[in-house]
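The values are calculated or read from the model by the stated rules, or taken from the named source; none is laboratory data. This structure is a prediction, so every number in the text was calculated from the model and none was measured. Here the Cβ positions follow ideal geometry from the backbone for every residue, glycine too, while neighbour counts run over all protein chains shown. Areas reflect the complete protein model, heavy atoms only, side chains present, ligands, DNA and RNA absent. Shrake-Rupley method; radii C 1.70, N 1.55, O 1.52, S 1.80 Å.
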Amino acid sequence: MTSDARLAATAWSRFFDYIVRSGPGREASLNARGLTPNDSRALHALDSREGRPLGALARAWGCDPSNVTFIVDRLERLGLCRRLADATDRRVRLALLTPKGVATRDALQREFRTAPADFAALPDADLK
């Protein structure tokens, strides 16, 4: 293994370990909003202007369509998304974010993209 490959492997390993260790904070944030990690995934996959077909979401996520239906049902109950029939094929159901869904997704992005204090305190050389 080259020194560059070893450095990349070490950096990735440390980064991955940090992501795992910091997971409980993200989970607490989701729990406070009544969301699960899969709900967060859905919020980040949906848009407020263009609906995503539920079948396409199932294919993209590699899951059964019933799982997508379950997640979209929960987001709908929370007022974060809505579903409607596709204008060209009424058999196809589309999921779209509501304004509350957009605000929730954006708040999660801001929160999750803010470096935790212990990460921000790393020396510049480690951050680089």
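Around the Cα centre of the range 33-128, unit charges on the Cβ atoms of Lys, Arg, Asp and Glu (plus for the first two, minus for the last two) sum to a dipole of about 440 debye. Rolling a 1.4 angstrom probe over the range 1-68 with all protein chains present gives an accessible area of which 56% lies on carbon and sulfur atoms.
Pull out a ≥ b ≥ c, the square roots of the eigenvalues of the alpha-carbon gyration tensor of the range 33-89, then state rounded if a/c is under 1.5, prolate if not and a/b is larger than b/c, and oblate in the remaining case. In terms of gyration-tensor shape, oblate.
Using a probe of 1.4 angstrom and keeping all protein chains present, the accessible surface of the chain works out to 67 square angstrom per residue. Length available on full extension from S29 to A11: 0.36 nm per residue minus the Cα-Cα distance, which gives 3.8 nm. Projected label points at D89 and A58, each 7 Å from Cα along the beta carbon direction, are separated by 1.3 nanometres. One entry in (i) 98; (ii) 150; (iii) 131 is volume of the Cα convex hull per residue in Å³ calculated from the shown coordinates; its label is (ii).
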